[in-house]
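Peer 1: Below is the structure I would like to discuss, written out as structure tokens.
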Amino acid sequence: MTDTATRVTATATTDDQATATGIGLLVLRIGFGGLMAAYGTQKLFGWFNGPGWRANADGFTAMGYNPGELFGTLAGLSELVGGLLLVFGLFTPLAAAIVLGTMINAINALWSGGLFPADPSVMGFSTPLLFALVAVTVAFTGAGRFSLDAGRPWERGGLKWGVGAVVLAVVAGVVTLIFKAVL
């Protein structure tokens with residue numbers, strides 16, 4: 001094979017891999033972001049068999065997040081906005097940080113149930129942990145080729161933006177837990 005043929009084959013393989021990665025990230029973002037947004041609408045509007053704003057606020061109050069109206073609304077908005085930003089691949093490190101910070105609080109709220117509770121009536125923290133892992137993954141990989149971030153001046157990705165998103169999420173999650181403890 002000539003050098004030209006090798007370069008063409010290598011370029012085609014690289015382009016094919018980049019396209020496949022972009023499609024994979026698109027599917028992940030739309031599926032995961034869509035689920036997060038749906039969870040937010042359950043909390044805020046009662047859509048998709050959700051509790052709605054009042055019951056959600058009461059639930060947050062019962063978990064010790066006082067005032068429940070503030071914390072319940074914040075959780076619902078975080079899931080909705082973070083999820084929609086992920087769906088569109090827009091401001092992706094920030095979107096991942098929003099979701100991760102919310103999941104840190106969800107893990108804390110469900111911690112006593114354990115990872116996989118033996119009692120089916122007790123909710124464990126495996127689902128928010130899985131969601132947190134997906135958010136961290138997207139923070140580091142970026143939105144991919146098929147996103148509103150791709151090729152734009154505001155596009156951010158890579159190691160430093162992934163670390164920054166995780167640090168921001170941890171700080172926001174811990175600050176929320178501190179407010180929960182003192183309010």
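Peer 1: What ³J(HN,Hα) values, in whole Hz, does the Karplus curve 6.51 cos²θ - 1.76 cosθ + 1.60 give for segment 18-34 when θ = phi - 60°, with x put for Gly and Pro?
Peer 2: Here the 3J(HN,Hα) series is 5, 5, 4, 5, x, 5, x, 5, 4, 4, 4, 5, 5, x, 5, x, x Hz.
Peer 1: What value in Å³ per residue do you get for the convex hull of the alpha-carbon atoms in segment 52-183?
Peer 2: 113
Peer 1: While we're on this one: Please list 132-141, 56-65 highest first by mean number of surrounding beta-carbon atoms within 10 Å per residue.
Peer 2: 132-141, 56-65
Peer 1: Okay, next question. Evaluate Rg over Rh across segment 114-183, taking Cα atoms for both radii and Kirkwood's formula for Rh.
Peer 2: The Rg/Rh ratio comes out at 1.12.
Peer 1: Per-residue HN-Hα couplings for segment 44-57, Karplus 6.51 cos²θ - 1.76 cosθ + 1.60 at θ = phi - 60°, whole Hz, x for Gly and Pro?
Peer 2: 7, 10, x, 5, 6, 6, x, x, x, 4, 4, 5, 5, 4
Peer 1: What angle do you read, to the nearest 10 degrees and between 0 and 90, between the alpha-carbon axis of helix 126-141 and the longest principal axis of the chain?
Peer 2: In the chain, helix 126-141 runs at an angle near 40 degrees to the longest axis.
Peer 1: Return one whole number: the accessible area per residue of the chain in Å², for a 1.4 Å probe.
Peer 2: Value for the chain: 55 Å² per residue.
Peer 1: Quick one: 3J(HN,Hα) in Hz for segment 59-70, Karplus 6.51/-1.76/1.60 with θ = phi - 60°, rounded, Gly and Pro as x.
Peer 2: x, 5, 4, 4, 7, x, 8, 10, x, x, 4, 5
The values are calculated or read from the model by the stated rules, or taken from the named source; none is laboratory data. These figures come from a predicted structure and were not determined experimentally. For neighbour counting, all protein chains shown are included, and Cβ atoms are generated from backbone atoms with ideal geometry for every residue, glycine included. For accessibility, only protein heavy atoms count, side chains too; no ligands or nucleic acids. Shrake-Rupley method; radii C 1.70, N 1.55, O 1.52, S 1.80 Å.
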